[in-house]
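Only the coordinates and a few stated rules stand behind these numbers; no lab work does. Keep in mind the model is a prediction, meaning the values are calculated, not measured. When we count neighbours, we look across all protein chains shown, and the Cβ atoms used for this are built from the backbone with ideal geometry, even at glycine.
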């Protein structure tokens, strides 16, 4: 039977009565207590270690070694920074960086812009607002591969339903080969991304709009502010921290675009839609150059790490407020 | 103070874990290797060369393969249970991987040797990458009295996987590139199957003026190198080469430029629809199947689909005809002949049973029985890889003469040079062709591709 005093003593880390402090039993208890949080965390840490840390470290080590899978079943010798140098001397690598940056910029601007507009519209109560909000999650719920194949089929200039619809509304676009011209192929990728993300962002921003105090807006209205002025000087500043988080989140996802490239364009026409992630995949799983693919992947990891850090800082600031 | 203590405490296991991760990340070993002849049990065999007495009874093996919707593969898989397993007691599981990811999967499996699979199938161009992980077959073939004599030259070459003198795989499926046309259209226009590319383009020009369909459904898009198939046939039959005898890039030769210009002309002059700049084999053949095109250049195996009324429009099934690819004036035709080979994985622990299956599935008698069986439309196929079957009158009679056509095409057919750099080379040419289809200058794109391939060959990347 443990007394209340003993329990308190154990809880405070002090030696129980009758035993000198610093004795073996007391030290053991303290150590057990210190280890307890780690024991609780151990399963999760083990999972993270196995599924994230190990692959990352393995890829980092491999990025400094020569390893082509069709030459050897085991990694070859260390080559230092050679594979990183190779990346920065390869014009197709730079092409993929530029494609990725362009895609990220356009898709973030359009997704957040359209998402914000949708959120502002849906923030007004109407008869179908609830149903519309529920439907908004659907595009994001569609599997990326399914989304890709569907868009490829629908944008086909020969028999695609979207192509026919666009041709009917804009006859001057009848000759556009959506997936055959570099600019339009990139725009189709952007469209698929915006189609999936803008509604989700709208839902996120609707949560933010709900937290904007109604009386502040009301006061601005009483003071004679127009709808645009109320948005510009009241709503937008209050939404800005959340918008920053949304921008970081969307940028991270845009930077690692892969599925739609594989399923819609295959990187073409030419190399016009080869993103960095697709480039790394091709090097590793088509060309079987695992060492070089690891180096390219780590370049992407660093870029994503910078963005993720920005995202976390923005999140912390938001929580602090 | 206490936080510092905890941090020190925490840092020790973290450092140990990191060290373990680093150690594990940096390790890798080669698997132990045995010769196939050492693990295969010798003994009396039946009429198909299979061991009698079921020495591998109850063994279950796995085959890594693609495209089990292909009629021939469907038929093989179906007969595996009813015939092979019945004879040997060996169960075979076909692990089907979609073509888009198949080549990566087989090379990775061959190289890493996970032991998950016992047999692997591959297409010729990837022989050099795959042979690292498959067993040479010469010893067991010699013991079984088997040779490659009954296969056409391109398939025999592919069986060596780029290592002349050694056989790594046996052909189980193979086909040649050919021209498909609508007989009703050709009759209406008074055309005969063209002998030369110039004659063919003349026909396409006439069709463009008067036919409501696309004169040809081309495929210039990026997708596993499929836009190379026609180009390679045009290049080779014009006397051009991918590489010369010294291994230097040779497709920038006058013959190479001429062949490429003629190939690109088909889309630039509007014979092939503009959308085909982004089409792969799937879209091109679908266009033909849906009755949107008058001709298409594709593999002989497509005859199985084009004549299947459940897959294509009735007017297509009734009127589809095949002919050899055109050639160049005064030059011998040279079609690209692609073959699927099957080999025994080194990492397999059931290599004896795997060899039994390989003998059965590659046997000319098994192939002939499948080619003659038309009881199930989805399994009906005229694709054969043995010369004896390609020339068999009975096989030809029930398959619209496709086996004989294939034999003729393969007599002078070619396969892609086997190189471990082929995936990069293929990607480079594929991108160049795709760019040309979108309007890029043919000569400068060929030169640019040649320079890139030279760099790939020099540096391996």
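Tabulated results
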item	result
Other protein chain Cβ atoms within 10 Å, averaged over every residue that makes up B:107-116	3
Expected 222 nm ellipticity per residue - DSSP helices of 4 or more, -39500 (n - 2.57), all of chain A, to 500	-22000 deg cm²/dmol
Whole-number D in µm²/s for segment A:131-206 (Stokes-Einstein; Kirkwood sum over Cα pairs; 4 °C, 1.567 mPa s)	96 µm²/s
Antiparallel content of DSSP bridges confined to chain B, in %, to 5	65 percent
Part-to-part distance (alpha-carbon centres) for segment A:260-317 and segment A:189-213, which is given in Å	24 Å
Rounded to 5, the percent of DSSP beta bridges in the protein assembly as shown classed as antiparallel	65 percent
Global form of the protein assembly as shown, assessed from the alpha-carbon gyration tensor, a/c cut-off 1.5	oblate
Relative contact order [Cα under 8 Å, 6+ residues apart], chain B, whole percent	23 percent
42 Å tail of the calculated P(r), chain B, as % of Cα pairs	22 percent
Number of partner chain Cβ atoms within 10 Å, mean per residue of A:158-168	2
Exercise: per-residue mean of other protein chain Cβ atoms within 10 Å, A:259-270	5
Least to most buried among B:454, B:350 (fewest other Cβ within 10 Å first)	B:454, B:350
Label-point separation in nm, residue B:116 to residue A:101, each point 7 Å along Cα→Cβ	3.8 nm
Peptide ranges A:53-59, A:149-155 listed from the most packed, as the mean C-beta count within 10 angstrom indicates	A:149-155, A:53-59
Rough spin-label spacing in nm, given labels placed 7 Å along Cα→Cβ, for residue A:44 and residue B:196	7.6 nm
Sites residue A:74 and residue B:331, calculated FRET efficiency, Cβ-Cβ separation with R0 51 Å, nearest 0.05	0.60
Residues B:210, B:375, sorted so that the one with the fewest Cβ neighbours within 10 Å comes first	B:375, B:210
Relative contact order %, chain A, counting alpha carbon pairs below 8 Å whose residues are six or more apart	26 percent
Spatial separation of Cα centroids for segment A:62-114 and segment B:97-146, in angstrom	29 Å
For segment B:284-301 and segment B:216-268, distance of Cα centres in Å	20 Å
Mean residue ellipticity (222 nm) of chain B, computed from DSSP H runs ≥ 4 via -39,500 (n - 2.57), nearest 500	-13500 deg cm²/dmol
FRET efficiency for residue B:374 and residue B:45, using Cβ-Cβ distance with R0 set to 25 Å, rounded to 0.05	0.25
Spin-label model distance (nm) - residue A:29 vs residue B:268, 7 Å beyond Cα toward Cβ	8.9 nm
Extension gain from residue A:232 to residue A:91, taking 0.36 nm per residue of separation minus the Cα-Cα distance	46.4 nm
Estimated FRET transfer efficiency (residue B:69, residue A:313; beta-carbon r; R0 51 Å; 0.05)	0.50
Exposure proxy ranking, count of Cβ atoms within 10 Å, fewest first, for A:296, A:262	A:262, A:296
